[in-house]
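J.: This is the structure, below, for whatever I ask next.
FYI, it's all coordinate maths here, none of it is from the lab. Quick caveat: nothing in here was measured; it's all calculated off a predicted structure. Cβ: placed from backbone, ideal geometry, glycine included. Neighbour counts: every protein chain shown.
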Amino acid sequence: MRAVHFGAGNIGRGFIGALLSHSGYHVCFVDVRAPLVKALKERGSYSVRLLGERTERMDVSGVTALDSRTEPERVREAVAAADIVTTAVGPTVLKKVAPLIAEGLRLRLRRNEVPLNVIACENMLGGSTMLKKEIAAHLSQEERESLEHRIGFPDAAVDRIVPVQTGTDPLEVTVEPFYEWMVDRKGVRGEIPPIEGITYVEELTPYIERKLYTVNTGHAVCAYTGRLLGHETIRDAMRDTRVEKIVTGALEETGVLLVAKHSFSEEGHRDYITRIMERFSNPRLTDPVARVGRSAIRKLRPTDRLVGPALQLTDHGLEPRYLAAGIAAALFFDDGNDPEAVELQQLLDRKGIAGTLQTIAGIPPNSSLTRLVSERYREWEGEKEKA
Ligand SMILES: NC(=O)c1ccc[n+]([C@@H]2O[C@H](COP(=O)([O-])OP(=O)(O)OC[C@H]3O[C@@H](n4cnc5c(N)ncnc54)[C@H](O)[C@@H]3O)[C@@H](O)[C@H]2O)c1
Ligand SMILES: O=P(O)(O)OC[C@@H](O)[C@@H](O)[C@H](O)[C@H](O)CO
């Protein structure tokens, strides 16, 4: 069986590629980083280090790679011949990989009747659906009709913390032991892909919202408040009771929404939160707040991890004070290495808090959420002055 995976980064190698390989797929990674592609081609294997109570090593073999910039023809052929295509490139990169995947699928549709599934493994709602839309834009009407019948784009929720890699081996990946990969069974075309570790569900929305609005909400709140209070890593930020209190408060707020919306049991959801707080505090993981806070504009979009639940709560007349504290802290994110953080600071200078929230997050300027965030922002200014 052949898998083509776009994005040989942390999640690509440390999670999706590893599970595909262990399920018997020969994995071809596609990336734009030439040294990474070269190393994968030359070695054909790498290791994943699982940082649990004991450190375990998992060998991943039977892999290769292609550079989408210099070997587009080979990428097209690989996609056309694949049994599964996956991505973990980042939500904003999906539209960049879409044209090449579309060219590969065009060949596939001409040559092979067997259905194929394309799964975007990104932190977003409806990732595969969005990728399908981007791909369809590069196809003819006739090709789009065949795509509809023969190529599945099941949405997915993926969960495993893979921090920035600091080891000397460019291919080895250090990860937490926990993982969860949920896929919408209804979106699959043809046979269910036999990937060990995937949980197929009839209705993905509750699970992707639970993941994004708990794991990623808590993570983002921890990263932004932690950074503001002078912490470099998630683990250190979690040890600060001021941060821990705000993360806990924000997850209680999203919990109210998730339990009401998707009928999770209150007790089960409390356990889910507890496990996540323990994962954030894993003493063996060094995960920089800069990684977790990266792309602050994306993280402040209307349906993403902070504003998504906050707007839904205010629509129900509730006051998400802790989420508002997280959103306000995100507005202070000023990492010069992150183009979105730079753009965010420029927007704030030009438009102020209400204008920035309206532009990025779609929050109406006179809304209760804008008022809450503005109040928290002033409080954070005070905290910063004290620090
Ligand atoms: N790291 C985590 O803990 C984690 C967990 C769950 C989900 N995710 C999601 O997985 C996705 C990837 O995150 P990551 O942490 O692995 O990031 P990463 O930066 O480590 O990996 C992304 C990879 O995509 C490659 N890439 C960029 N543009 C490309 C292109 N045009 N064609 C092919 N490859 C391209 C990059 O070179 C890089 O190797 C994101 O959507 C992220 O939200 C990450
Ligand atoms: O990948 P992002 O930028 O959407 O979010 C940063 C982290 O919250 C994220 O990568 C988590 O580590 C991951 O989603 C855990 O499953």
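J.: Find the relative contact order for the stretch 2-99 and round it to a whole percent, using C-alpha pairs within less than 8 Å whose residues are 6+ positions apart.
T.: 36
J.: Considering only the other residues whose Cβ falls under 11 Å of the Cβ of residue 25, what net charge follows from Lys and Arg at +1 and Asp and Glu at -1?
T.: Neighbourhood net charge equals -1.
J.: What aspartates and glutamates could a cross-link reach from residue 384, if we take a straight Cα to Cα line under 20 Å and drop same-chain neighbours fewer than 8 places away?
T.: 232, 236, 240, 244, 334, 335, 349, 375
J.: Grab the beta carbon distance between residue 148 and residue 385, set R0 = 56 Å, and tell me the FRET efficiency rounded to 0.05.
T.: For residue 148 and residue 385, the calculated efficiency is 0.45.
J.: Express as a percent, rounded to the nearest 5, the fraction of DSSP beta bridges in the chain (both residues included) that run antiparallel.
T.: Taking every DSSP beta bridge with both residues in the chain, the antiparallel ones total about 30 percent.
J.: Can you give the angle from 0 to 90° between the axis of helix 34-43 and the longest principal axis of the chain, with both taken from C-alpha atoms, to the nearest 10?
T.: 50
J.: Here is a further query. Taking 8 Å as the Cα distance limit and 6 or more residues as the minimum spacing, I'd like the relative contact order of the stretch 2-203 as a percentage.
T.: 23
J.: Using θ = phi - 60° and the Karplus relation 6.51 cos²θ - 1.76 cosθ + 1.60, list the HN-Hα couplings for the stretch 137-154 in order, rounded to whole Hz, with x at every Gly or Pro.
T.: Per-residue couplings from phi come out as 5, 9, 10, 6, 4, 5, 5, 5, 5, 5, 4, 4, 7, 10, 10, x, 10, x Hz.
J.: 222 nm [θ] for the chain, helices only, -39500 (n - 2.57) per DSSP H run of 4+, per residue, to 500?
T.: After summing the helix terms and dividing by residue count, I get -15500 deg cm²/dmol.
J.: What whole-number distance in Å separates the alpha-carbon centres of the stretch 96-144 and the stretch 267-288?
T.: Going from one Cα centre to the other spans 35 Å.
J.: I would also like to ask the following. Length gain on complete extension for the stretch residue 278 to residue 343, per 0.36 nm per residue less the alpha carbon to alpha carbon distance?
T.: The span from residue 278 to residue 343 would gain 20.1 nm if fully extended.
J.: Whole angstrom only: what separates the Cα centroid of the stretch 338-377 from the Cα centroid of the stretch 1-48?
T.: Centre-to-centre distance over Cα atoms comes out at 39 Å.
J.: With +1 on each Lys and Arg Cβ and -1 on each Asp and Glu Cβ, and nothing else charged, work out how big the dipole of the stretch 114-216 is about its Cα centre, in Debye to the nearest 20.
T.: Using Cβ point charges on Lys, Arg, Asp and Glu, the stretch 114-216 gives about 200 debye.
J.: Sticking with this structure for a sec: Expressed in nm to one decimal, what extension gain is obtained for the pair residue 371 and residue 266 from 0.36 nm per residue of sequence separation less their Cα-Cα distance?
T.: Computed gain between residue 371 and residue 266 is 34.8 nm.
J.: Please list, in order along the stretch 367-379, the HN-Hα scalar couplings obtained from phi with the Karplus expression 6.51 cos²θ - 1.76 cosθ + 1.60 (θ = phi - 60°), rounded to whole Hz, x for Gly and Pro.
T.: 7, 5, 5, 4, 4, 4, 5, 5, 4, 5, 4, 4, 4
J.: For residue 211, give me every one of the lysines with a C-alpha distance below 21 angstrom, ignoring sequence neighbours fewer than eight places off in its own chain.
T.: The qualifying lysines are 186, 245, 261, 299.
J.: Going by average Cβ density within 10 Å per residue, which order do the peptides 364-374, 210-220 take, highest to lowest?
T.: 210-220, 364-374
J.: Among 113-119, 333-339, how do they line up by average Cβ neighbours within 10 Å per residue, starting with the highest?
T.: Sorting 113-119, 333-339 by mean packing, highest first, produces 113-119, 333-339.
J.: Dipole of the chain (Lys/Arg Cβ +1, Asp/Glu Cβ -1, origin at the Cα centre): which of 112, 369, 251 lies farthest to the positive side?
T.: Result: 112, furthest along the dipole toward the positive end.
J.: If I take every Cα pair under 8 Å that is 6 or more residues apart in the stretch 281-362, average their sequence separation and divide by the length, what percent do I get for the relative contact order?
T.: For the stretch 281-362, the relative contact order is 32 percent.
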